[in-house]
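Everything on this sheet refers to the single structure shown next.
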Amino acid sequence: MGILRGIGIVVFIVALAGVIAYIGDRVGHQVGRKRLTLFNIRPRYTSTIVAVATGMIIALIVTLAAIFASNQVQTAFFHLNEINNEIAKAQARAAELEQKVNNSPVVVNLDQLLVPSVGRVPQNYPPALRRQIVNQFYNQAVSYVNRTYTAARYGLKKFSPPADIDKTLETAANGPTMQAMNSQSDVLLLAVADQNLYPGDQIHFSLNAEQDRLLVRGGEPIASLTIPTGKNANADLALAELLGTYVPHEMLQRNMLPYFATNVLPEKMLPELASMRTMLGNGGNYILTAFAAADIYQHTFSVPVVVTLQKAP
């Protein structure tokens, strides 16, 4: 598409140049035939001047029309140097980032939860109090990340609030998204990394708002795994697969936050793991199931489960 567009522009410019030349020639010819004179200049030279001026005026009119009609043309005429400078800066940033990716370890991953605590905005809370909670949690988050991630083991630079932070916090507290969520349930505030951070980078994070709704009722099955018994049946591997893959996947499907969905905590095994190993050696197929050990919300921060092993029907 880009090549065809470029060819089209070239053809248009060539055709326009031809039209301008033709009109200028015809105007000059008419002036010459009528033997008009300009500032007492000989008619032959007057016709040439008029022809050239006509072409210049037409070109000027077309150019001005294009400038007023297209932001891209305005940019090309008046901001080209700025664009080239921005491209050069972007290329330098890309080269720096590539060097970091190739030579430095990632200290903090994109979307990583940076602060282990959360702020909670009760359902249908007044705007002024929502702003108060957002401000309080933000200040706590700044204090925590500066105290934690500037330590030697991370090597990050201190967080510096952006110039428009007041506007950002007001949007977080009383913007349309917060208002819509808060009208339906409590809302949790989380401090999350908004980019990958490498040693020497300045700390960055954003405030994310999440509805604190019920995800799974206590006693409800979350995920199950069928285990065909035999020589390769292994209760330990099956349990690891259930808790490390199947349960997190199901919780993500229920819109649980990734850093909570992967925090699966087996609170009870029915029967105990040793008995499960024995059962799998008796032949037949078995079903390993994880049930919610209690009501699970976003604020639960984990997935507490009870794991059972039963013979398949």
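The values are calculated or read from the model by the stated rules, or taken from the named source; none is laboratory data. Being a predicted model, the structure only gives us computed values, none of them experimental. Note: ideal-geometry Cβ built from the backbone for every residue, glycine included; neighbour counts use all protein chains shown. Areas reflect the complete protein model, heavy atoms only, side chains present, ligands, DNA and RNA absent. Shrake-Rupley method; radii C 1.70, N 1.55, O 1.52, S 1.80 Å.
Scanning segment 253-268 for residues that are out of contact with any Pro (no Cβ under 7 Å at 6 or more places or on another chain) and touching a residue at least 40 places away in the same chain (Cβ under 8 Å) returns Asn255, Met256, Leu257, Pro258, Tyr259, Phe260, Asn263, Pro266.
Working only within segment 202-214, note down all residues that are in contact (Cβ under 8 Å) with a residue 24 or more places away in the chain and either polar (S, T, N, Q) or within 19 Å of Ala180 (Cβ to Cβ) (or both). Break it down stepwise before answering.
Taking segment 202-214 as the starting set, the residues that turn out to be in contact (Cβ under 8 Å) with a residue 24 or more places away in the chain are 202-205, 207, 209-214.
Passing the criteria: Gln202, Leu207, Ala209, Glu210, Gln211, Asp212, Arg213, Leu214.
Residue check: is Gln298 touching a residue at least 60 places away in the same chain (Cβ under 8 Å) and either closer than 30 Å to Leu189 by Cβ or open to solvent by 50 Å² or more (accessible area, probe 1.4 Å) (or both)? Even if it seems obvious, please write down each step before you answer.
Values: touching a residue at least 60 places away in the same chain (Cβ under 8 Å): yes; either closer than 30 Å to Leu189 by Cβ or open to solvent by 50 Å² or more (accessible area, probe 1.4 Å) (or both): yes.
It is true that Gln298 is touching a residue at least 60 places away in the same chain (Cβ under 8 Å) and either closer than 30 Å to Leu189 by Cβ or open to solvent by 50 Å² or more (accessible area, probe 1.4 Å) (or both).
Considering Ala163, Ala128, the condition of being among the aliphatic types (A, V, I, L, M), over 19 Å from Glu210 (Cβ atoms) and over 23 Å from the mean Cα position of the chain (by Cα) is satisfied by Ala128 alone. I need the full set of residues from segment 112-122 which are touching an Asp or Glu at 6+ places or on another chain (Cβ under 8 Å) and open to solvent by 80 Å² or more (accessible area, probe 1.4 Å), in order please. The one that is touching an Asp or Glu at 6+ places or on another chain (Cβ under 8 Å) and open to solvent by 80 Å² or more (accessible area, probe 1.4 Å): Arg120. Between Thr48, Thr75, which is surrounded by 12 or more Cβ atoms within 10 Å (Cβ to Cβ), at pLDDT 70 or above and assigned to a helix (DSSP H, G or I)? Criteria check complete, one pass: Thr75. Just one residue in the set Pro313, Pro304 is outside any helix (DSSP H, G or I), open to solvent by 20 Å² or more (accessible area, probe 1.4 Å) and not aromatic (Phe, Trp, Tyr); that residue is Pro313. Selection of segment 123-153 for residues being open to solvent by less than 80 Å² (accessible area, probe 1.4 Å), at pLDDT below 95 and assigned to a loop (DSSP other than H, G, I, E, B) yields Tyr149, Thr150, Ala151.
Say whether the condition of being at pLDDT below 95 and touching a Phe, Trp or Tyr at 6+ places or on another chain (Cβ under 7 Å) is met by at least one residue in segment 273-289. Yes: one or more hits.
How many of the residues in segment 185-232 are among the polar types (S, T, N, Q) and either in contact with a Pro (Cβ under 7 Å, 6 or more places away or on another chain) or open to solvent by less than 20 Å² (accessible area, probe 1.4 Å) (or both)? So the answer is 1.
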